[in-house]
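Structure first, commentary second.
Read-outs: derived from the displayed coordinates by stated rules, not from any lab. All values derive from a computational prediction rather than experimental measurement. Methodologically, a virtual Cβ is constructed for each residue, glycine included, from the backbone with ideal geometry; neighbour enumeration extends over all protein chains shown.
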Amino acid sequence: MADRAPELVLLVGLVLGTTALATGLAFGAGPGRSILLFAIGCYPFAAYAIHHDDDPAAILLPRVIVGLGAIAGVIVFVDSARRLPSTALVYAFSLALVVWLPPTAYGARYGTPPAALTPWIGAATGLLVGAVALVANAVFGGPPAGAIAGGLLIIAGLRYGSRRGPVIAYRRRLIVPIGIGFAVVLLALGIWTAGPLDSWLAAAVVSIAAPAVGYATTIDAVR
């Protein structure tokens, strides 16, 4: 692994991310947007370094990374919720998840998740909260991009369940049909409410796309 120099790649990512963070703060972008800039600059390099390092946990302590990700996610959510209208709370949650989920995924893979967070509980929580986020964003009339939160949580739940144990091994073929059925329900609700359909349509699209992505990325894990 020496030829890939994962530590050097990680250092480059940290430098770029920190520079973006400092620049955002210096030009008044606010803490939430600045942290998002840090994530955009740093996370791709960190992902490469982690993938090619034999023992990334020796340098990046999982519990520390998860804790820092959680703090950053809370800051992003609070700052975004303060700047955005009340109807965009789920969208603010989406931005927070973009920052929080990658460190949490790292901790789930290389660390030791709480014993109470079994594969079934993790998968069910991701699916349930994701579905609630999709419906909530549509009901509140939030921006279509707010559906990102539901999609990320659904994919995270499926991946956690398959990574930590064969939760969906014999039910994986039902994931996509269930998502399609949920999309039909969402569209029916949107038409019934006679309001703007853009948020409902976005939720329906995500309810199909997210299970499909979750299924495609967990086939090897659940065989």
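With a Förster radius of 22 Å, plug the Cβ-Cβ distance of residue 64 and residue 43 into 1/(1 + (r/R0)^6) and report the FRET value to the nearest 0.05. Write down the numbers at each step before the final one.
Values: r = 16 Å, r/R0 = 0.73.
The value I calculate is 0.85.
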Quiz item: Once label points are set 7 Å from the Cα along Cα→Cβ at both residue 51 and residue 116, what is their separation, rounded to one decimal in nm?
Solution: 3.5
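How large is the charge dipole for the chain, taken about the Cα centre, if only the Cβ atoms of Lys, Arg (+1) and Asp, Glu (-1) carry charge, to the nearest 20 debye?
Numbers: 13 positive and 8 negative charges, 103 e Å.
In total the dipole reaches around 500 debye.
Can you name the helices of the chain, as whole DSSP H runs, whose Cα span along the helix axis is 15 Å or more and whose Kyte-Doolittle mean is not below 1.0? Present the calculation step by step, with values, prior to reporting the outcome.
Details: long enough: 6-26 (30 Å, 1.72); 30-52 (34 Å, 0.77); 62-83 (31 Å, 1.18); 89-110 (31 Å, 1.06); 119-139 (30 Å, 1.70); 147-164 (26 Å, 0.73); 175-193 (27 Å, 2.32); 198-216 (27 Å, 1.27).
What comes out of the filter, once short or polar helices are dropped, is 6-26, 62-83, 89-110, 119-139, 175-193, 198-216.
Can you tell me the order of 114-124, 92-102 when each peptide is scored by its average per-residue count of other Cβ atoms within 10 angstrom, highest first? If you can, show how the numbers build up before the last one.
On the way: 114-124: 14.5, 92-102: 23.1.
Per-residue mean Cβ counts within 10 Å order the peptides as 92-102, 114-124.
Could you put 186, 128, 152 in order, starting from the residue whose Cβ has the fewest other Cβ atoms within 10 Å? Before the final figure, lay out each step's value.
Working: 186 25, 128 13, 152 21.
Least to most surrounded, the residues fall as 128, 152, 186.
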